[in-house]
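Please treat every number below as a calculation from the coordinates, not as lab data. Small disclaimer: the values here were computed from a predicted structure and weren't measured. A quick note on method: Cβ atoms are made from the backbone with ideal geometry, for glycine too, and the neighbour counts reach across all protein chains shown.
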């Protein structure tokens, strides 16, 4: 249970601080500084959580990352399923906490949607958004698999590399899809946006931000195994 609780807490912190920063600073093209601040917030959370719960659960805090680890033989199917449940619940809890903070504090949400992901940057084209999420998640998960590989010798810098990679993909992707690369991070805000703002817009397109990251992670695992000439079966 300790590792599932760690995943819950880590994902809750990711959504609270990452999406919370987006809500405060805004992420529109006219406010480019908001891009950088939001990207840094997501990346820095990963760094903080990697050194906080990484030794307990591996600090996946992302179903796509867990899928990549599963497909490279790094975890059991049972753990994979429980990790996803913990991550989604953590994202919902983080979004709910944000809703309360912004509502009770009468704070303006400059994104207008609880930091949800959307398709405005790709002219509401779901398939363009899907491609963006596949590519960004591939890069992110591919980097994680390389950094955490037993053959790698990155010492204590692994968490920093992973956090900087997440920052990088956010800088590119925020203007396109808001950058998900994490189904839990998209599900939580979409549900809370419907609750607090009575808006189902994010829920309609949330499938893009579930399918895209999972496909990107699967592709990253396949290519990583191919390059490393290892084809371990997932643990039963």
Please work out the Kirkwood hydrodynamic radius for segment 55-116, using every pair of different C-alpha atoms, and report it in angstroms with one decimal place. 13.4 Å
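How high is the relative contact order of the chain, in percent, counting Cα pairs under 8 Å that sit 6 or more residues apart?
Working: 426 pairs, mean separation 75.1, N = 236.
Rounded, it is 32 percent for the chain.
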Quick note, segment 28-90: a/c under 1.5 would make it rounded; otherwise a/b > b/c is prolate and the rest oblate (a ≥ b ≥ c, C-alpha gyration tensor); here it is prolate
Any idea what angle helix 77-104 forms with the longest principal axis of the chain, computed on alpha-carbon atoms, 0 to 90 degrees, nearest 10? 20 degrees
Residues 225, 185, 2 arranged by fewest to most Cβ contacts within 10 Å: 2, 225, 185
If a/c stays under 1.5 just call it rounded; otherwise compare a/b with b/c (prolate if a/b is bigger, oblate if not). Do that for segment 82-144, with a ≥ b ≥ c from the square roots of the Cα gyration tensor eigenvalues. oblate
Ranking of 139, 203 by count of other Cβ atoms within 10 Å, fewest first: 203, 139
Roughly speaking, what is the stretch gain from residue 77 to residue 110, that is 0.36 nm per residue apart minus the C-alpha to C-alpha distance, in nm to one decimal? 7.9 nm
As a test of the formula, what do you get for the chain when each DSSP H run with n ≥ 4 contributes -39,500 (n - 2.57) and the sum is divided by the residue count, at 222 nm and rounded to the nearest 500 deg cm²/dmol? -24500 deg cm²/dmol
Sort all Cα-Cα distances of segment 2-52 into consecutive 10 angstrom bins from zero, then give the percent of pairs in each bin up to the one containing the longest distance. 28, 44, 21, 6, 0
Convex hull volume of segment 1-139 per residue (C-alpha atoms, cubic angstrom): 118 Å³
From fewest to most C-beta neighbours within 10 Å, the residues 77, 141 line up as 77, 141
Which three semi-axes in whole Å describe the equivalent ellipsoid of the chain, each the square root of 5 times a Cα gyration tensor eigenvalue, listed largest first? 28, 19, 17
Using a Förster distance of 30 Å, how high is the FRET efficiency between residue 101 and residue 51, based on the Cβ-Cβ distance and rounded to 0.05? 0.75
Between 0 and 90 degrees, rounded to the nearest ten: what's the tilt of helix 158-177 against the longest Cα principal axis of the chain? 40 degrees
For segment 154-223, what is the convex hull volume of the alpha-carbon atoms per residue, in Å³? 108 Å³
